[in-house]
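Asks: Dropping the structure in here first, questions after.
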Amino acid sequence: MMRENPESDFDMSILQCTQDGIRTTREGAILEVTLDRPKANAIDVPASRRLNAIFTAFRDESTLRVAIVTGTGEKFFSPGWDLKNAAQRRYTRSVIFESACFRPWTL
């Protein structure tokens, strides 16, 4: 049974693919999300939107029980937001805020 959320219209295939430098694999009740964005696994607007879609789909898929977030690379997991990319593209604060990957959810 899926949890009801009128805003959720995501295709569950999003939980088994690679896009925007983020790889997702599903095995039973486990979802693994891997940041694979060389050099540093920094998050830009497309990656942030993808993470939002992934975790919204995770929230709405009742057969999933745990999500494991990992990162590729040798030095660190992720520095967070890609400030260099944001400066080059001159994103407004509203674009960055709207693409934030962790929005409040209601169940």
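The values are calculated or read from the model by the stated rules, or taken from the named source; none is laboratory data. Treat the numbers as computed from the prediction; the structure is a model and nothing was measured. Every residue, glycine among them, receives a Cβ derived from its backbone with ideal geometry; neighbour counts consider all protein chains shown.
Asks: Which condition number does Arg103 fail, the rest of (1) touching a helix residue (DSSP H, G or I) at 6+ places or on another chain (Cβ under 7 Å); (2) among the charged types (D, E, K, R); (3) at pLDDT 85 or above being met?
Replies: Here Arg103 meets the rest and fails (3).
Asks: Would you be able to tell me the number of residues in region 42-56 that are farther than 25 Å from Leu83 by Cβ and crowded, with 20+ Cβ neighbours inside 10 Å?
Replies: Final tally of qualifying residues: 0.
Asks: Find all pairs meeting these conditions: Cβ atoms under 6 angstrom apart; at least six residues apart or on different chains; first residue within region 49-61 and closer than 18 Å to Gly28 by Cβ; second residue small (Gly, Ala, Ser).
Replies: Correct list of pairs: Phe58/Ala67; Asp60/Ser8.
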